[in-house]
Each structure stands twice: as C-alpha cells, then as structure tokens.
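Engineer: Following this message is one structure expressed as structure tokens.
Derivation of every value follows stated rules applied to the coordinates shown; laboratory data play no part. None of the values given here were measured: they were computed from a predicted structure. Methodologically, a virtual Cβ is constructed for each residue, glycine included, from the backbone with ideal geometry; neighbour enumeration extends over all protein chains shown.
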Amino acid sequence: MADQYLLPCDCGLRVGVNAGQAGATVRCACGRMLDVPTMRGLARFPREEDAAGAHGGASWGLRQRLICLGLIIAAVGSGTGVYLLVTRPAFPQERIDDFTEQRIEAIRDAAPRWTPEQTLRVWRYIQRNGLQEVEHPIARRYRESVAPRDYVTLIALAIAGLGLLLAGGVTFFYRPR
Ligand SMILES: [Zn+2]
C-alpha cells in the first residue's frame, strides 16, 4: 500500500493523500476542496503508514477532541458521583431506636423515685417546651457528617452534566465548515 501524506485542512482534519494525487484536488470530510501540492511539496507533510486510518481525513480534529474531553469529564464526574452515592453511610435509625428505648427505660425506672418537686419541674418543662419533636443528637451528627460529601456528590454530578453538555453541544451544534 502506498504511503499516505497528511494534508491539513482549515477545519482541523487531515486528509490522507498519496503520491499519485500530487497536483490534483481532494475533498475533505468537511466539504472543503484542498489543492494537493506537487510531489516535491508533498514531501513536507507528515506521512501516515496506516493508509486505511488516514483515508478521508480520519485523524482527530478539534471537534473530536472536544467531544472526547466532554465524555471523559462526564465519565469522571458521574463515576465520582455514583461512587459517593453508593458508599453513602445509611441513616443510623437502629442506633437512635436503641438510644431512645434506653432513655425511656431510664425515665420509667427513675420516675417513681422522683420527689413531687422534681415531677413538677418535669411537668413545667414539658408545658414550656411542649412535646415537639426535636432532632436526635445522633441524627444531627449523621446529618452534619454526610453534608460535606453530599455537597461533593452534587458538584461531581453537576460536572458530569457539564461534560455531557459539552460533548452533546459539540456533537450537535459545532459543525466545522
Ligand atoms: Zn476540512
């Protein structure tokens, strides 16, 4: 198979031409017509041993690079995001239940020994604060410990989205002329 010379086009692609096409005109994949230099001029261009790969200007231009970059960003972002989601620690409901049970038992054990004054103080406390639900300390610690990683997860998924937008945007809207 004859050696192919890689003729650069303004679109960024390179068109493979062989010595037999010296002085002729070839069409790039983008549609531009390119003048192939004479044999002497052709020698200045890089050669491509793999003629099949270079045929029709199959080398990588800006468009392909941008699409590839977008896909890499999307892969890294979604990989990180999914990893963080999969390894996210579960809500410690069981620990909270155990803890609450122990507290209730402790109060139940202690309550009969309260003096009237202590009972009144508990009563006033409940009157003042109501029996509203308060966040359990274990739940709060959990929430505070997962918040930073949830934040990173969101950022990673957002970056993945941007990568997809880049790849998709270049694929559909960037057409070199
Ligand atoms: Zn071109």
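Engineer: Springs between alpha-carbon pairs under 10 angstrom, Gaussian network model over the chain: which of V152, V86, V15 fluctuates most?
Structural biologist: Answer for the Gaussian network model of the chain: V86.
Engineer: Per residue, how much space in cubic angstrom lies within the convex hull of the C-alpha atoms of the stretch 4-54?
Structural biologist: Per residue, the Cα convex hull of the stretch 4-54 comes to 69 Å³.
Engineer: I would also like to ask the following. Compute all pairwise cysteine Cβ distances in the chain, then list the cysteines with no distance under 4.7 Å to another cysteine.
Structural biologist: Singleton cysteines: C68.
Engineer: What order do you get for L120, L157 when you list them from fewest to most C-beta neighbours inside 10 Å?
Structural biologist: So the residues, fewest neighbours to most, are L120, L157.
Engineer: If you rank M39, M33 by fewest surrounding Cβ atoms within 10 Å, what's the result?
Structural biologist: Listed from fewest to most nearby Cβ atoms, that is M33, M39.
Engineer: Net charge near R141, counting Lys/Arg +1 and Asp/Glu -1 over other residues with Cβ under 13 Å of its Cβ?
Structural biologist: Taking every other residue near R141 into account, the sum is +1.
Engineer: Just want the ordering: F172, F91, F45, from fewest to most Cβ atoms lying within 10 Å of their own Cβ.
Structural biologist: Fewest to most other Cβ atoms nearby, the residues stand as F172, F91, F45.
Engineer: What order do you get for 61-73, 102-114 when each peptide is scored by the mean count of other beta carbon atoms within 10 Å, highest first?
Structural biologist: Ranked by mean Cβ neighbours within 10 Å, highest first: 61-73, 102-114.
Engineer: Viscosity 0.890 mPa s, temperature 25 °C: give me the Stokes-Einstein translational D for the chain in µm²/s, with Rh taken as the Kirkwood radius over C-alpha pairs.
Structural biologist: Stokes-Einstein gives a translational diffusion coefficient of 107 µm²/s.
Engineer: In percent, how large is the relative contact order of the stretch 62-173, given Cα pairs closer than 8 Å and 6 or more residues apart?
Structural biologist: Reported relative contact order: 71 percent.
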